[in-house]
Amino acid sequence: MIKRFLLLNGLATIGVVLNHAAGWGYTALFWWTDRYMPGTAVPDFSQLDSPAYFGLRIVEQLIIFAIPTFLVVSGFFMAFAAKRQAAVSWSIVRSRIWYLFIPYLLWSAIIFLLDALQGDTFTIEQYLHRLLTGSVTDGYYYVPMIIQMFLFAPLLVWLARWKWRVLLGSTAVLLILVQMLLYLNDIGVIVPRWLMFWTQSWLFPGSLFWFAFGIVVGFNLHPFKTWLSRYKRVWLVTAVVLFPLCLIEWEIIQRLSGQLFLPNRITLLDSVYAAGIIFTLLAFEHVAPPYAPQLSDLGPKSYGVYLTNTLTLEMAARSIAVFLPAILPFQIVFQPILWVAGLGIPLLMMTAVSYPKSPIRAYYQYIFG
């Protein structure tokens, strides 16, 4: 089962790259339209509901399980580390946080430097705020959020060992409450600001369930495997049926919002879909997907890819916008180029740093985690 969790992490890593690439796809369709259609005022949403738009939406929906998967896997390995103890030690927590924060700080500093070279500078308070909230760049919200999970780990591990039903029930309620508030906000219902504060993606309430679930699984692996196997066809059918329903749900939300374009986020229905995908991949443990060994090898490199792919994707997308703008409306061409850049370049960097003769090999963990 440990190998299966590594495989899941590898799939989620690819999913994150595809999701971030889709974001640049929307940029190309709506905000860079003037690059290939001279005289167009941007943003231009004339390609909304086009085949290119729905292609991006399908990709986003397919991989929306990525962040829940990262959290489940992190929780599972936290339980694995604490399995022989009465409670998880703070030394384990400190170690996990240290190897998350140092690479995050390094790549954030690089992004800040590149921003400064383009004239975008901030006050000390603004830099600290961006670091603490993960708003350094799109996608970095995950880092402060997972650090919060690790800070709660001693309590979560104790509950998972002795009161796991209470833990899963309470965190599931938190997830549902956060999602309901987001639904209301999306459709224009005025929600008190102090409540909406807790729905922000860099805070733990809306995602704690997945981390807690991973810990519970780690302490109850054999009963969990039996339960998964008993209903494995249910999980598969759930994922297949919910896939189109989730696509429809978001289009309804977008229209009810009154906005022409609403950036995608995980919804309550998406959460059930994500559970269906995760459970299916775990339940069919003996069914190996294509390139399973490579996906498992990618699993331990997930954090390094996560930190670096946003930068490599931006460089690739902006380079195409300057030198080959005619490609931008053709997502069937643009997206694969971004996928290769978003995954391939980070992996090449990690390979170069870990090379035996590399002068910075000893610092690999501080660079990529």
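The values are calculated or read from the model by the stated rules, or taken from the named source; none is laboratory data. Worth saying up front: this structure is predicted, and the values here are computed from it rather than measured. So basically every Cβ, Gly included, is an ideal-geometry build from the backbone, and we count neighbours across all protein chains shown.
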### Query
Tally time: how many residues in segment 236-291 are in contact (Cβ under 8 Å) with a residue 60 or more places away in the chain and among the aliphatic types (A, V, I, L, M)?
13
### Search result, residues across segment 60-108 that are more than 24 Å from GLY206 (Cβ to Cβ), of a type outside the set (Val, Ile, Thr) and within 21 Å of the chain's Cα centre (by Cα)
TRP98, TYR99, PRO103, LEU105, LEU106, TRP107
### Query
With (1) in a helix (DSSP H, G or I); (2) β-branched (Val, Ile, Thr); (3) without any contact (Cβ under 8 Å) to a residue 60 or more places away in the chain as the list, and VAL305 as the residue in question, which single condition is left unmet?
(3)
### Message
Going through LEU324, LEU338, LEU348, LEU328 one at a time, which residue ends up being outside the structural domain of LEU106 (by TED's automatic domain parsing) and closer than 18 Å to GLY139 by Cα?
### Response
LEU338
### Message
Name the single residue that is surrounded by the most Cβ atoms within 10 Å (Cβ to Cβ) among those in segment 154-166 being of a type in the set (A, V, I, L, M, F, W, C) and within 13 Å of VAL216 (Cβ to Cβ).
### Response
VAL157
### Message
For segment 2-51, give me each residue that is over 25 Å from the mean Cα position of the chain (by Cα), part of a helix (DSSP H, G or I) and of a type in the set (D, E, K, R).
### Response
ASP34, ARG35
### Query
Does segment 273-307 hold any residues that are of a type in the set (Val, Ile, Thr) and exposed (fewer than 15 other Cβ atoms within 10 Å of the Cβ), and which are they?
VAL287
### Task
Select from segment 352-369 the residues that are farther than 15 Å from THR13 by Cβ and in a helix (DSSP H, G or I) and list them in ascending order.
ALA352, VAL353, SER354, ARG361, ALA362, TYR363, TYR364, GLN365, TYR366, ILE367
### Task
Filter segment 325-369 down to the residues that are of a type in the set (S, T, N, Q) and within 21 Å of the chain's Cα centre (by Cα), then identify the one that is surrounded by the fewest Cβ atoms within 10 Å (Cβ to Cβ).
GLN365
### Task
Identify all residues within segment 205-221 that are outside any loop (DSSP other than H, G, I, E, B) and either more than 23 Å from LEU155 (Cα to Cα) or in contact with a Phe, Trp or Tyr (Cβ under 6 Å, 6 or more places away or on another chain) (or both); write none if there are none.
GLY214, VAL216, VAL217, GLY218
### Query
Just to be sure, is LEU151 under 25 Å from ASN9 (Cβ atoms) and surrounded by fewer than 17 Cβ atoms within 10 Å (Cβ to Cβ)?
yes
